[in-house]
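The values are calculated or read from the model by the stated rules, or taken from the named source; none is laboratory data. What you are looking at is a predicted structure, and each value in this text was computed from that prediction instead of being measured. Every residue, glycine as well, gets a Cβ built from its backbone with ideal geometry; the counts of neighbours run over all protein chains shown. All accessible areas refer to the heavy atoms of the entire protein, side chains included, with ligands and DNA or RNA removed. Shrake-Rupley method; radii C 1.70, N 1.55, O 1.52, S 1.80 Å.
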Amino acid sequence: MQVSNANNVKIYNLSAGKSLPEWLTDRQRRKLQNKDDDIRRRLELIQDFEMPSVSNCVKISPDGQFICSAGTYKPRFRCYDVHELCLKFERGLDAEVVNFQYLSEDYSKVCFLQDDRYVEFHTQFGRLFRMRIPKYGRDLSYYPPSCDMYFVGVSSEIYRINLEKGRFMKPLETSGVEFNCCEFNPTNYVFGCGSKSGHFECWDPRSRTRSGILDVATSKFVEEYDINTVPEISAMKFRSDGLTVALGTSTGHVLLYDLRAMKPFLVKDHNYELPIKSIDFQDGQDLVLSMDTKILKMWNRNNGKHLTAIEPGVNLNQLCTYPDSGLLFLANEAPKILTYFIPSIGPAPRWCSSLDGMTEELEEKEENTVYDDYKFVTRTELEELGLGHLIGTNLLRAVMHGFFIDIRLYHKAKSIADPFAFDKYRKSKVREKIEEERTSRVKLKKLPNVNRELAQKLMEEDEAQKANPRKRENKAVNSILKDDRFSAMFNNPDFQIDPESEEYRLINPVMSKLDKARKKRNEKDALRKQFKEVEGEDELEGRPSDDEDSSSDDERTWTEEVKQQHRKLQREKKAEEQNRRMEERKQARLFEIKDGEELGVKRDSNKKKEAKKSLADRLRIAEEDGVTRAEGSLGNREMTFSLKKEKKVSTAVQQRNLHQSERRKLKRAAGSLLEKPKTKFWMGKKVK
């Protein structure tokens, strides 16, 4: 059983723990319980309270003795007896169940609305009758006085089936297009249904006429919450007083209406923009329970004040509350049907009254918090303790800017790194004790040992303000000197101000205002000692007196001083960086030869191209050159030569070549014999 404390409200998760497979025998289950502590210590309120994969809906019978659930896969219906705390029976269905409704006080008569347009009626022995509605249904509700079943869905008509006559009745014609939910008012039996277009319609089942219509889309909350789409009514619930109705929208809002008014008296935003799945009222604590696919929220019905919330981490489908108790059941997209017990909203039911005793015992026990045995350390503190090598191991848990470490390991490392730490701590405690005992004696005006200059400045400023009551009093100065929360700043050496630090230099112009004010006061005191005030002379008109003089000029110029100090720091940083670079250049640097490179050997630019060629091409080129070179490091070089064999030329070939060259010299061209005769012209005409 897991316990959470959301908003100081204890929530007990009764379905937490491992679940055992269905195919295990009793002997195998007992073996697992003996071996595994988690299985042995788990709390199973109802045995096998789960579905194979998904639970779509869960409801409690009107007599409170049976809990029925429908889920998949395969589609099935299960009934649990609360007095036996186990499964009573299980039935297989032909299609997945959208919703179901009890027709009697127990499980003996049940009506199922399935996702294939079929409606099934079951009794104790099984399925009694099966029929089909014209359109796909989304919700159903039962009207006991006339034994009528009402169905809403993907249609503008509300279908009615009379169970006494066994036939369809004339449907109710509405102004909507599609409807998502419907319910009868438990007090006056007014039938309400919510449409996809944001309309909430109320019908009188006696006269079968519409008694009123409410347009949620035109409400002011659409503009207030900046909703760009038409809010659909995805869930609804009537309160037992007969006058209040809660409407859940597809935008994640819950609207509480009085049936006599056109405007909601309260709007609750889930802040997740997910459709509301289920709504329920808890009249004992005057609460509203609203659930979307992610979270279940509990809040006050009158002012909307948040009480607590449950976020299990899986998608939720339907909410079911046990009447007049703090027990909740949640159908979800997981095998287990989630079970929660909240003692603050109600007691446990009679059939599981032992829960009250268990929760009281758990509340009486004082359990240590999760981090009582751990110490938070930063990375620098970890390096000082010599434990930097533990980063990344399971001995440290990274949180924000540091790590959590086991307190025992921390004490051991602290004693090794600083063996005299305890002696220092003991001496500091003794010193503090002595100082506390001295407080009863007569105290002189004495400056503290830590931050003496700052304390002196603040004390002088305080005295100056007391001496000049007309001057505006600086409350911040008084609070620092007199407030106990700042006492450690003047007692603990860890809070010593470092004037050379960058942070102090940036805020120094602000702090220098106190120094300037002190200098001005000293100058005025010196002038008062040298000169005497003339009586009877009025002050010059338009000139303020010395008492009314203020540091307005300082207030105008301190920002400029901050900017100048910032620029000075930047220049100092640049100068330090340049000096560091110059020192690095002056220092001797060592270089290491790269792998594959040879000292004193120049690399040819074409070597990369040759390296890309295949081995056969490189061997062929080497053979054509006739010289094969192999270079090594300095003092280890080789060079091998392979000379080509000279070709022997026969004398006959030489004589033939000589003869051909002589013939080429004596040969006369015959081109002139083959030339065409030139054309002759006379007096501009062509002649033969």
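Answer yes if at least one residue in the stretch 179-195 is closer than 30 Å to I133 by Cα, open to solvent by less than 50 Å² (accessible area, probe 1.4 Å), modelled with pLDDT of 90 or more and not in a strand (DSSP E or B), and no otherwise.
We begin by selecting, within the stretch 179-195, every residue closer than 30 Å to I133 by Cα; these are 179-195.
Cutting the leftovers down to open to solvent by less than 50 Å² (accessible area, probe 1.4 Å) gives us 179-185, 190-195.
Still in the running and modelled with pLDDT of 90 or more: 179-185, 190-195.
Retained after the next criterion (residues that are not in a strand (DSSP E or B)): 185, 190.
Yes, the conditions are met somewhere in the stretch 179-195.
What number of residues in the stretch 396-430 are hydrophobic (A, V, I, L, M, F, W, C) and open to solvent by 90 Å² or more (accessible area, probe 1.4 Å)?
Going residue by residue through the stretch 396-430, those that are hydrophobic (A, V, I, L, M, F, W, C) are 396, 398-400, 403-405, 407, 409, 413, 416-417, 420-422, 430.
When the remaining residues are screened for being open to solvent by 90 Å² or more (accessible area, probe 1.4 Å), the result is 400, 416, 420, 422.
The number of residues fulfilling the criteria is 4.
Can you tell me which residue within the stretch 3-30, out of those that are at pLDDT 75 or above and exposed (fewer than 12 other Cβ atoms within 10 Å of the Cβ), is nearest to P75 (Cα to Cα)? Spell out how you get there, then give the answer.
Kept after step one, since they are at pLDDT 75 or above, are these residues of the stretch 3-30: 3-16, 27.
With exposed (fewer than 12 other Cβ atoms within 10 Å of the Cβ) added as a condition, the list becomes 5, 7-8, 27.
Numbers: N5: 36, N7: 38, N8: 40, R27: 29 Å.
Among residues in the stretch 3-30 that are at pLDDT 75 or above and exposed (fewer than 12 other Cβ atoms within 10 Å of the Cβ), the one nearest to P75 (Cα to Cα) is R27.
For R350, indicate whether it is more than 29 Å from the chain's Cα centre (by Cα) and touching a residue at least 40 places away in the same chain (Cβ under 8 Å).
Working: more than 29 Å from the chain's Cα centre (by Cα): yes; touching a residue at least 40 places away in the same chain (Cβ under 8 Å): no.
Here the answer is no, as R350 does not meet what is asked.
Could you tell me which residue of the stretch 118-138 is nearest to W351 (Cα to Cα), considering only residues that are buried (at least 17 other Cβ atoms within 10 Å of the Cβ) and charged (D, E, K, R)?
Going residue by residue through the stretch 118-138, those that are buried (at least 17 other Cβ atoms within 10 Å of the Cβ) are 119-122, 133, 137-138.
Applying the additional criterion that residues be charged (D, E, K, R) yields 120, 138.
On the way: E120: 31, R138: 33 Å.
Out of the qualifying residues, it is E120.
Mind counting the residues in the stretch 88-108 that are in a strand (DSSP E or B) and among the charged types (D, E, K, R)?
Of the residues in the stretch 88-108, the ones in a strand (DSSP E or B) are 88-92, 97-102.
From what's left, among the charged types (D, E, K, R): 88, 90-91.
Of the residues in the stretch 88-108, 3 are in a strand (DSSP E or B) and among the charged types (D, E, K, R).
Across the stretch 68-87, what is the number of residues that are more than 19 Å from E120 (Cα to Cα), in contact (Cβ under 8 Å) with a residue 40 or more places away in the chain and open to solvent by less than 10 Å² (accessible area, probe 1.4 Å)?
So the answer is 1.
Condition check: surrounded by fewer than 14 Cβ atoms within 10 Å (Cβ to Cβ), farther than 14 Å from S15 by Cβ and of a type in the set (D, E, K, R). Does D324 satisfy that? Give the steps one after another, and end with the answer.
On the way: surrounded by fewer than 14 Cβ atoms within 10 Å (Cβ to Cβ): yes; farther than 14 Å from S15 by Cβ: yes; of a type in the set (D, E, K, R): yes.
Taking the combined requirement at face value, the residue satisfies it.
Of all residues in the stretch 267-279, which are open to solvent by less than 30 Å² (accessible area, probe 1.4 Å) and either at pLDDT 95 or above or not in a loop (DSSP other than H, G, I, E, B) (or both)? Before the answer, list the steps.
Narrowing the stretch 267-279 to residues open to solvent by less than 30 Å² (accessible area, probe 1.4 Å): 270, 276, 278-279.
Across the stretch 267-279, the qualifying residues are I276, S278, I279.
How many of the residues making up the stretch 335-344 are surrounded by 21 or more Cβ atoms within 10 Å (Cβ to Cβ) and part of a loop (DSSP other than H, G, I, E, B)?
Result for the stretch 335-344: 2.
Against the definition (over 23 Å from N180 (Cα atoms) and touching a Gly at 6+ places or on another chain (Cβ under 8 Å)), how does L87 come out, yes or no? Steps first, answer last, please.
Values: over 23 Å from N180 (Cα atoms): yes; touching a Gly at 6+ places or on another chain (Cβ under 8 Å): no.
Spelling it out, it is not the case that L87 is over 23 Å from N180 (Cα atoms) and touching a Gly at 6+ places or on another chain (Cβ under 8 Å).
Exactly one of these conditions fails for H270: (1) under 26 Å from the mean Cα position of the chain (by Cα); (2) closer than 14 Å to F329 by Cα; (3) of a type outside the set (D, E, K, R). Give me its number.
(2)
Looking at the stretch 158-176 only, could you name the residues that are of a type in the set (F, W, Y) and crowded, with 17+ Cβ neighbours inside 10 Å? Full working, then the answer.
Looking only at the stretch 158-176, we keep the residues that are of a type in the set (F, W, Y), and these are 159, 168.
Matches in the stretch 158-176: Y159 only.
Run down S141, S155 and say which single residue is in contact with an Asp or Glu (Cβ under 8 Å, 6 or more places away or on another chain), surrounded by 14 or more Cβ atoms within 10 Å (Cβ to Cβ) and assigned to a strand (DSSP E or B).
Values: S155 fails: assigned to a strand (DSSP E or B).
Selected residue: S141, the only one of S141, S155 that is in contact with an Asp or Glu (Cβ under 8 Å, 6 or more places away or on another chain), surrounded by 14 or more Cβ atoms within 10 Å (Cβ to Cβ) and assigned to a strand (DSSP E or B).
What do you reckon, is K412 more than 23 Å from N492 (Cα to Cα), modelled with pLDDT of 80 or more and not hydrophobic (A, V, I, L, M, F, W, C)? Break it down stepwise before answering.
On the way: more than 23 Å from N492 (Cα to Cα): yes; modelled with pLDDT of 80 or more: yes; not hydrophobic (A, V, I, L, M, F, W, C): yes.
Yes; evaluated as a whole, the condition is true for this residue.
May I ask you to verify whether K237 is out of contact with any His (no Cβ under 7 Å at 6 or more places or on another chain) and open to solvent by 10 Å² or more (accessible area, probe 1.4 Å)?
Details: out of contact with any His (no Cβ under 7 Å at 6 or more places or on another chain): yes; open to solvent by 10 Å² or more (accessible area, probe 1.4 Å): yes.
Taking the combined requirement at face value, the residue satisfies it.
Of the conditions (1) β-branched (V, I, T); (2) touching a residue at least 24 places away in the same chain (Cβ under 8 Å); (3) more than 29 Å from N99 (Cβ to Cβ), T380 clears all except one; give me its number.
Single failed check for T380: (2).
Return yes when G304 is modelled with pLDDT under 90, in contact with a strand residue (DSSP E or B) (Cβ under 8 Å, 6 or more places away or on another chain) and not acidic (D, E) and no when it is not. Walk me through it before giving the result.
Working: modelled with pLDDT under 90: yes; in contact with a strand residue (DSSP E or B) (Cβ under 8 Å, 6 or more places away or on another chain): yes; not acidic (D, E): yes.
Considered against the rule, which asks whether it is modelled with pLDDT under 90, in contact with a strand residue (DSSP E or B) (Cβ under 8 Å, 6 or more places away or on another chain) and not acidic (D, E), G304 comes out as yes.
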